[in-house]
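Written below as C-alpha cells is the structure these notes are about.
The values are calculated or read from the model by the stated rules, or taken from the named source; none is laboratory data. Note that the structure is predicted; figures quoted are calculated from it, not measured. Cβ sites come from the backbone with ideal geometry, for glycine too, and all protein chains shown count toward neighbours.
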Amino acid sequence: MCIDSWRSFVFPNHIRTFRKERDGGSLLELSERLSGVTYIRLSKIERGEVFARAAELRAIGEALAVAPEDLLIDIDDPHFDIADWAEPNLGSDRVSHESDRFAVLVAAALRNRRNADPELTIAALENDYGIAPVILSRIENAFKPFERWNEDIRSGLYKLFAVRSNAVFIRKIEDLYGSGDLDETLPLIANPKLRIDKTRTRVNALRAELAQASPVAATQAHATIESAPALPEPAIAPTNDNSARASVEPGEERMVPVFGFPLPEGQIARLPTDTEVPAPRMAGPASYGLRVGYPTLGPGLPGRATLIVDPDRFPSAGSIAVVSEAEGILRLLSITHDRQGRMIGFSLHPDYEIAIDELDPGQVGTVIAAIYE
C-alpha cells in the first residue's frame, strides 16, 4: 500500500529560498510589504499548503526582485525531491508510518461503509453517530492519526462499524484490508499520483498565466463579463420528485434529469436541458446531471462532459464538489486540504478558492460520475 506522506504539500515553491537569499526578512516582514496578501495566506503559500494565484506570485516576485516564474518549481525535474523540500516545514509534529497507514485504512473503510449504505447521509452521520461533516471529511482523507481523534469521534466510529472497543475496531479494519475489501478505495486516498497530477496541472496553468503580458487583458475581459445579458430565471428541480427518489430494482436503469447553462466567472445556472442520463447505482435519491459548459477545472474535465451530482454526499479531498452559491447558481470546485485540515475548493479558470468547511453542508454536493461526449 502506497501512502503519500507529503500529501499536504501541494505547491512546492522557491519563495523561502529567495526570501533568504535576497534578504527578504522574516515572513511577517515580507507580508507587510505586500498589499492584498495576508501573513497567514503568505505562510500557507510558502509552506506549499495552498496554491498561489498569479497576482500573488507577481507581488511576491516584485518584493523579492525576482521573476514570478522563478518562484515556481518543476516537480518533474529529476533533481527535485519533495521529501527534501518539505523537511523544513514538518517541525516536531511528525506522524509515524504505522499511524499514518492505519489512518488511511480507516479512511478507506469509512468511504466504503458510506458508499454501501445510501441511508448514511452526512446528516445521519452527524445526528446518529456524532460525526460532523467537517470531521467526516478529515477522517475520510486521513487528516490525522486515528488515536488523535477525541473519544466521542472514536466512539461514533465504533458504533458505525458495530464494534465496542478500540482493539476490536483495529482488528476489523485490518481484516477489511486483508480481505481486499479496501483495494478499490485505497488508491483514492493519500495517493502520490493525485498530489503530483494536481500540482503539475496548477503549476502549468500558473506558468501560462504568468507568461501573459499583463493583467490588463483580464480586466478588459471582466468588463465584458459585467455587460453580459441577463439570463432567464433558473428553473429549480423539485425536491419532492417521487420518480427521482424511487429505488432502482436490479437490472433497472435509473435516469436523472440534466441541468446546466454556463455563466461568466465559472458559474453554472441550474437550467433544465430537457435531457436525461443514466445514474450509477451509488447515486442518491436526489442526484441529477450537470453539464460542465466551460473547462473551469482544467483540461481533465472538458466542457462537453456531463456530471452526475449527489447533493446529499459531502465531498472529500481529490473529489469534485458542486457548490450552490445562490438560488439556481452552481460552481464546480476541485477539493483539497491545507495542512491545518481545512477543506479547500478551487478552480483554475477563473482562479478561485474558497474554504468548504465554512459553508453550510446543504450547499455542497459531490460529483460521483462523469459522462464524456
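Before moving on, here are some points about what is shown:
- Within the range 24-68, considering residues that are touching a Ser or Thr at 6+ places or on another chain (Cβ under 9 Å), closer than 18 Å to Phe9 by Cα and β-branched (Val, Ile, Thr), the one surrounded by the most Cβ atoms within 10 Å (Cβ to Cβ): Val50
- Residue ID - surrounded by the most Cβ atoms within 10 Å (Cβ to Cβ), chosen from residues in the range 146-164 that are out of contact with any Phe, Trp or Tyr (no Cβ under 7 Å at 6 or more places or on another chain) and part of a loop (DSSP other than H, G, I, E, B): Trp149
- Pairs with Cβ under 7 Å, 6+ apart, first in the range 192-206 and closer than 22 Å to Arg101 by Cα, second among the aliphatic types (A, V, I, L, M) and surrounded by fewer than 17 Cβ atoms within 10 Å (Cβ to Cβ): Ile196/Ile75
- On the stretch given as the range 121-169, residues that are acidic (Asp, Glu), without any contact (Cβ under 8 Å) to a residue 40 or more places away in the chain and in contact with a helix residue (DSSP H, G or I) (Cβ under 7 Å, 6 or more places away or on another chain) total 1.
- Residues that are among the aliphatic types (A, V, I, L, M), under 19 Å from Tyr294 (Cα atoms) and within 12 Å of the chain's Cα centre (by Cα) within the range 355-372 comprise just one, Val367.
- Residues of the range 167-203 classified as part of a helix (DSSP H, G or I) and modelled with pLDDT under 95, total: 15
- Residue check, Ala218 part of a loop (DSSP other than H, G, I, E, B), among the hydrophobic types (A, V, I, L, M, F, W, C) and either surrounded by fewer than 18 Cβ atoms within 10 Å (Cβ to Cβ) or modelled with pLDDT of 90 or more (or both): no
- All positions within the range 317-345 that are among the hydroxyl-bearing types (Ser, Thr, Tyr), surrounded by fewer than 22 Cβ atoms within 10 Å (Cβ to Cβ) and at pLDDT 90 or above: Ser324
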